1. Let me confirm something: among L186, L161, which residue is farther than 26 Å from R109 by Cα, hydrophobic (A, V, I, L, M, F, W, C) and either modelled with pLDDT under 90 or in contact with a helix residue (DSSP H, G or I) (Cβ under 6 Å, 6 or more places away or on another chain) (or both)?
2. Pairs only if they're at least six apart or on different chains, beta carbon under 9 angstrom, first in region 65-76 and over 19 Å from R96 (Cα atoms) and assigned by TED's automatic domain parsing to the domain that holds G48, second of a type in the set (S, T, N, Q) and in a helix (DSSP H, G or I); list them, first residue then second.
3. Among the residues of region 185-197, are any without any contact (Cβ under 8 Å) to a residue 24 or more places away in the chain and surrounded by fewer than 19 Cβ atoms within 10 Å (Cβ to Cβ)?
4. Within region 283-299, can you find the residues that are touching a residue at least 12 places away in the same chain (Cβ under 8 Å) and among the charged types (D, E, K, R)?
5. Keeping to region 111-158, report how many residues are in a loop (DSSP other than H, G, I, E, B) and surrounded by 12 or more Cβ atoms within 10 Å (Cβ to Cβ).
6. Which residue pairs have Cβ atoms closer than 7 Å, lie 6 or more positions apart in sequence or on different chains, and pair a first residue in region 318-345 that is under 23 Å from A294 (Cα atoms) with a second residue that is of a type in the set (V, I, T)?
Amino acid sequence: NISQFCQLSVPEARQEIESWVLTENQRTVAEQALGEILTRLKFLENVGLDYLTLDQKASTLSGGEAQRIRLASQIGSGLVGVTYVLDEPTIGLHPRDTSRLIRTLKQLRDRGNSVILVEHDLDTIRQADHIIDIGSGAGHYGGNVSAFGSPQEISIKHDTLTAQYMRGEKSIPLPKKYRPFNPEHLISVTGAAANNLKKLDVNFPLGVFTVVTGVSGSGKSSLVVDVLQRALEKEINGKQIKPGTHKKISGIAQLESIMVINQEAIGRTPRSNPATYAKVLEPIRNLFASMPEAKQRGFSKRRFSFNAKEGRCPACGGQGSQLIEMHFLSDVWVKCDQCKGKRYNRETLAVKYKGHTIADVLEMEISKAVEVFVAQPRIKRILKTLEDVGLGYMKLGQAGNTLSGGEAQRLKLAAELARRAHGPTLYILDEPTTGLHIDDVARLLKILHSLVDEG
């Protein structure tokens with residue numbers, strides 16, 4: 001019956017249909033439907049989803065699996081003359097699955113369709129017929145076409161970062177030495193059985209850089225996120241969450257804290273920004289409050305917060321922009337007419353440090369701010385960390401809701417690095433290289449190694 005059929009895996013379902021012997025009449029009725037079903041089942045096998053059962057819940061699929069199933073529905077439709085736009089389709093895919101995906105995309109192209117990919121993966125980039133390289137840097141250093149042409153033309157004729165990695169001029173170096181680990185210093189997970197895990201017993205050594213890898217859908221996130229992360233967050237942070245099925249986890253007492261660093265936005269409104277998130281605005285406000293002009297006027301550090309009534313622009317409430325609610329359209333943020341996006345009122349902006357107002361500081365790139373605050377050790381240390389993680393181009397006051405996932409992630413890592421040590425911490429990152437260019441991956445690895453080196 002249909003319930004038993006849906007419990008079959010993809011190859012089993014295909015073999016079952018192919019074994020059916022139909023009468024002339026049944027074949028006439030079912031021919032078209034069976035052709036569609038077989039095409040889609042074969043496609044699911046081709047993109048490496050042959051281990052799935054037909055009745056698997058969509059909520060248990062990994063991001064890569066879900067994306068390939070959506071592609072299956074397109075391939076099955078057999079359309080021609082369509083432009084397919086995919087944003088980083090190789091996210092979360094093992095190299096084996098990436099090559100299967102590329103094969104599928106080429107099939108779509110060969111049928112007379114156009115395929116446009118936004119992609120960072122070098123192997124995928126090399127398979128393209130035509131490349132458009134946007135750059136040359138990030139943030140306001142980007143926004144230009146740095147190079148275009150075939151992969152051969154890009155790597156021979158151009159000198160962009162992508163071209164340098166494509167011809168092997170730049171690469172991510174392997175560590176000169178690998179850290180040994182102490183077999184006593186472990187977190188042990190016993191009997192992990194979330195989703196597809198087969199009652200696993202796994203040891204995670206502490207004080208080293210551990211990577212959990214495997215093909216898409218093999219159970220990496222089930223083990224690390226559903227079981228380990230949730231159990232630790234519940235035990236250490238007192239979070240009210242239910243960890244994935246497991247027997248026990250030992251060795252938790254060796255940790256003082258757990259930090260999950262993901263690519264979620266640092267805030268939903270223009271109020272959150274790199275300066276507030278990295279806790280550098282506080283010492284900057286203290287500095288402005290200690291200026292002679294501030295003391296003469298009796299301004300405290302509170303005056304220099306755009307969240308405090310005294311110092312902020314009364315029209316936009318210190319947001320620098322106002323939300324215009326549109327009926328039947330999405331709402332839009334527009335620059336405040338009164339303060340022209342500066343966030344503060346005129347009296348607050350009369351106080352300056354080295355000729356810069358607090359609004360000028362928020363408009364400053366992090367690299368420039370490092371030079372301006374060179375004589376302020378506490379401020380300089382935090383800003384230097386932000387610069388070291390590759391965010392030197394970013395403005396201190398850039399609205400948190402405009403940062404990309406990779407930028408938000410590096411900001412979180414920098415904020416952690418800039419904090420003073422607070423006991424043994426376990427950092428968990430689920431696919432941290434998502435959306436990152438190879439050059440950014442190299443920087444990210446450097447930061448992660450420095451976190452491990454700090455103990």
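1. From the options L186, L161, the qualifying one is L161.
2. I75/T39; I75/N46; I75/T104; I75/Q107; G76/T39
3. As a first pass, look at region 185-197 and keep what is without any contact (Cβ under 8 Å) to a residue 24 or more places away in the chain: none.
For region 185-197, residues without any contact (Cβ under 8 Å) to a residue 24 or more places away in the chain and surrounded by fewer than 19 Cβ atoms within 10 Å (Cβ to Cβ): absent.
4. The answer is R285, E293, R297.
5. Matching residues across region 111-158 total 13.
6. From region 318-345, the pairs are Y344/I358.
Here's the yes/no breakdown for (1) farther than 23 Å from Q67 by Cβ; (2) over 42 Å from the mean Cα position of the chain (by Cα); (3) in contact (Cβ under 8 Å) with a residue 24 or more places away in the chain; (4) in a loop (DSSP other than H, G, I, E, B):
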{"site": "F5", "(1), (2), (3), (4)": "yes, no, yes, no"}
{"site": "E12", "(1), (2), (3), (4)": "yes, no, no, no"}
{"site": "E16", "(1), (2), (3), (4)": "yes, no, no, no"}
{"site": "L22", "(1), (2), (3), (4)": "yes, yes, no, yes"}
{"site": "L34", "(1), (2), (3), (4)": "yes, no, no, no"}
{"site": "L38", "(1), (2), (3), (4)": "no, no, yes, no"}
{"site": "L41", "(1), (2), (3), (4)": "no, no, yes, no"}
{"site": "E45", "(1), (2), (3), (4)": "no, no, yes, no"}
{"site": "D50", "(1), (2), (3), (4)": "no, no, yes, yes"}
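Per-residue answers, yes or no, for (1) at positive phi; (2) among the charged types (D, E, K, R); (3) part of a helix (DSSP H, G or I); (4) touching a strand residue (DSSP E or B) at 6+ places or on another chain (Cβ under 6 Å):
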{"residue": "K239", "(1), (2), (3), (4)": "no, yes, no, no"}
{"residue": "A253", "(1), (2), (3), (4)": "no, no, yes, no"}
{"residue": "A265", "(1), (2), (3), (4)": "no, no, no, no"}
{"residue": "N286", "(1), (2), (3), (4)": "no, no, yes, no"}
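The values are calculated or read from the model by the stated rules, or taken from the named source; none is laboratory data. No experiment lies behind these values; they were computed from the predicted model shown. When we count neighbours, we look across all protein chains shown, and the Cβ atoms used for this are built from the backbone with ideal geometry, even at glycine.
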